[in-house]
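S.K.: Submitted below is the structure of interest, expressed as structure tokens.
The values are calculated or read from the model by the stated rules, or taken from the named source; none is laboratory data. In this text the structure is predicted, and so the values were computed from the model without any measurement. Cβ coordinates were reconstructed from backbone atoms using ideal geometry, including for glycine residues, and neighbour counts include every protein chain displayed. Surface accessibility is based on the protein's heavy atoms, side chains included, excluding ligands, DNA and RNA. Shrake-Rupley method; radii C 1.70, N 1.55, O 1.52, S 1.80 Å.
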Amino acid sequence: MSYLIASNLDEVISSLRDGSGKARVVAGATDLYLQDLPYGLVDLSALPETTVIEEKDGFVKLGAAVTHTAAASSPLVLSRARALAEGCETIGSLQIRNIGTIGGNVVNAAPAADAAVALIGLGAEAVIIDIEGNRRQESVENLYWAYNRSVVDSTREVMLSLQFKPCLGGEGSAFTRFAARRALALPMVNASARVKLENGLVKEARLVAAPVNPAPTRLLKTEELIIGRSINEETISMVEKAAAEEVEVRDSLLRCSARYRLHLVGVLVSRALKTAADRALDPGKAGE
Ligand SMILES: Cc1cc2nc3c(=O)[nH]c(=O)nc-3n(C[C@H](O)[C@H](O)[C@H](O)COP(=O)(O)OP(=O)(O)OC[C@H]3O[C@@H](n4cnc5c(N)ncnc54)[C@H](O)[C@@H]3O)c2cc1C
């Protein structure tokens, strides 16, 4: 097996091209090392553009090889996209967060990947380049092909970065999860919310729950229900009911019973929405 630490994008592209489907991109390797390793690994985490965190041209932009630790502690992410900081800080353990990356979390395509759930809630898009040099931008929620399978083919495509609109005045975001333990445990359910309020009423909302499908899932009906409403006790209990009714789940030996998971979906989605709305009303709470 060969392992190349690429120093620029051309090197990544040419190594994948030379690998003819037998070499693939690697970042932190926390997922990849648990699988059958390919013939060649091309590490992109030394490329400066894959570790940048910045606000530019009206977007928060994060390189695909930004680690969970870096995202969770970034002042920019904490103030403009609290949901992502919260998602990243719950992942695995300190050691995993120090090397695992947000790009790897998305491309690994686990149904309840914590950073991916937060990114989808924020409305993130990924910038992808293939070995022919074609660049495209795709919504993260459209990058799921099947259970644990991404649309991104890491033997011929590289995710360079992720970007989304910052939560500015009147907007807030939040992520929440429930697991058997506080560390090193997959979530039974996780959820994220992004909400924009105008005159105290919901103008836009994104609500995400997982794992309820092979991909983290937008709760489109529940989102629609709350447009034009204020976030009060009545709305929160309506969301709790509507979110649980919008999804279908099965009993899982790995996670919990279907009945308990449905209960958690309602509780966590409504909790994420309430926290996101509190932050929208009081930007000082964005970093809390
Ligand atoms: C003990 C343990 C606990 C964990 N706990 C959690 C948890 O609580 N929550 C959670 O969500 N995850 C968890 N994970 C999973 C894992 O740590 C994350 O998914 C991590 O973000 C993966 O990132 P990585 O950089 O290590 O990816 P890698 O392992 O390097 O790559 C994963 C996949 O993505 C591809 N890839 C990586 N980067 C790119 C790129 N830029 N472009 C194209 N393809 C790319 C690789 O080819 C591979 O197929 C855990 C893993 C372990 C081992």
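S.K.: Among the residues of segment 93-147, write down those that are away from the ligand (no atom under 12 Å from the Cβ), over 18 Å from PRO214 (Cβ atoms) and open to solvent by less than 10 Å² (accessible area, probe 1.4 Å).
M.R.: Step one: of segment 93-147, the residues away from the ligand (no atom under 12 Å from the Cβ) are 120-125, 132-142, 144-147.
Now drop any that are not over 18 Å from PRO214 (Cβ atoms), which leaves 122-125, 132-137.
Across segment 93-147, the qualifying residues are LEU122, ALA124.
S.K.: Could you say which residue among ARG255, ARG259 is among the basic types (Lys, Arg) and either within 14 Å of SER173 (Cα to Cα) or touching a helix residue (DSSP H, G or I) at 6+ places or on another chain (Cβ under 8 Å) (or both)? Write out each step before concluding.
M.R.: On the way: ARG259 fails: either within 14 Å of SER173 (Cα to Cα) or touching a helix residue (DSSP H, G or I) at 6+ places or on another chain (Cβ under 8 Å) (or both).
Exactly one of ARG255, ARG259 is among the basic types (Lys, Arg) and either within 14 Å of SER173 (Cα to Cα) or touching a helix residue (DSSP H, G or I) at 6+ places or on another chain (Cβ under 8 Å) (or both), namely ARG255.
S.K.: TYR39 - would you say it is open to solvent by 30 Å² or more (accessible area, probe 1.4 Å), of a type in the set (Phe, Trp, Tyr) and within 11 Å of the ligand (Cβ to nearest atom)? Even if it seems obvious, please write down each step before you answer.
M.R.: On the way: open to solvent by 30 Å² or more (accessible area, probe 1.4 Å): yes; of a type in the set (Phe, Trp, Tyr): yes; within 11 Å of the ligand (Cβ to nearest atom): no.
No, not satisfied.
S.K.: Looking at segment 229-263, which of its residues are over 27 Å from ALA185 (Cβ atoms) and among the β-branched types (Val, Ile, Thr)?
M.R.: Selection gives ILE231, THR235.
S.K.: Within segment 80-92, is there a residue that is under 23 Å from LEU9 (Cβ atoms) and near the ligand (Cβ under 8 Å from one of its atoms)? Spell out the reasoning first.
M.R.: Narrowing segment 80-92 to residues under 23 Å from LEU9 (Cβ atoms): none.
No, segment 80-92 contains no residue that is under 23 Å from LEU9 (Cβ atoms) and near the ligand (Cβ under 8 Å from one of its atoms).
S.K.: Whether any residue in segment 150-164 is under 25 Å from LEU201 (Cα atoms), away from the ligand (no atom under 14 Å from the Cβ) and either free of Cβ contacts under 8 Å to residues at least 60 places away in the same chain or in contact with a helix residue (DSSP H, G or I) (Cβ under 9 Å, 6 or more places away or on another chain) (or both) is what I want to check. Even if it seems obvious, please write down each step before you answer.
M.R.: Within segment 150-164, the first condition is being under 25 Å from LEU201 (Cα atoms), and the residues that meet it are 164.
Still in the running and away from the ligand (no atom under 14 Å from the Cβ): 164.
From the residues that got through so far, the ones that are either free of Cβ contacts under 8 Å to residues at least 60 places away in the same chain or in contact with a helix residue (DSSP H, G or I) (Cβ under 9 Å, 6 or more places away or on another chain) (or both) too are 164.
Yes, segment 150-164 contains at least one residue that is under 25 Å from LEU201 (Cα atoms), away from the ligand (no atom under 14 Å from the Cβ) and either free of Cβ contacts under 8 Å to residues at least 60 places away in the same chain or in contact with a helix residue (DSSP H, G or I) (Cβ under 9 Å, 6 or more places away or on another chain) (or both).
S.K.: Filter segment 174-204 for residues that are open to solvent by 30 Å² or more (accessible area, probe 1.4 Å) and more than 16 Å from the ligand (Cβ to nearest atom) and give the result.
M.R.: Within segment 174-204, LYS196, GLU198, ASN199, GLY200, LEU201, LYS203, GLU204 qualify.
S.K.: Exactly one of these conditions fails for MET238: (1) surrounded by fewer than 18 Cβ atoms within 10 Å (Cβ to Cβ); (2) closer than 28 Å to GLY169 by Cβ; (3) touching a residue at least 24 places away in the same chain (Cβ under 8 Å); (4) in contact with a helix residue (DSSP H, G or I) (Cβ under 7 Å, 6 or more places away or on another chain). Give me its number.
M.R.: (3)
Yes/no per residue for (1) in contact with a Cys (Cβ under 7 Å, 6 or more places away or on another chain); (2) free of Cβ contacts under 8 Å to residues at least 24 places away in the same chain; (3) assigned to a loop (DSSP other than H, G, I, E, B); (4) open to solvent by 20 Å² or more (accessible area, probe 1.4 Å):
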{"site": "VAL12", "(1), (2), (3), (4)": "no, no, no, no"}
{"site": "ARG17", "(1), (2), (3), (4)": "no, no, no, yes"}
{"site": "GLY21", "(1), (2), (3), (4)": "no, no, yes, yes"}
{"site": "TYR33", "(1), (2), (3), (4)": "no, yes, no, yes"}
{"site": "GLU49", "(1), (2), (3), (4)": "no, no, no, yes"}
{"site": "LEU62", "(1), (2), (3), (4)": "no, no, no, no"}
{"site": "ALA71", "(1), (2), (3), (4)": "yes, no, no, no"}
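S.K.: Evaluate segment 205-219: report whether one residue or more is away from the ligand (no atom under 16 Å from the Cβ), open to solvent by less than 10 Å² (accessible area, probe 1.4 Å) and in contact with a Ser or Thr (Cβ under 9 Å, 6 or more places away or on another chain).
M.R.: The answer is yes, given that some residue of segment 205-219 is away from the ligand (no atom under 16 Å from the Cβ), open to solvent by less than 10 Å² (accessible area, probe 1.4 Å) and in contact with a Ser or Thr (Cβ under 9 Å, 6 or more places away or on another chain).
S.K.: Another one. Out of the residues in segment 250-288 that are touching a Leu at 6+ places or on another chain (Cβ under 7 Å) and at pLDDT 90 or above, which is most open to solvent (accessible area, probe 1.4 Å)?
M.R.: It comes out as LEU281.
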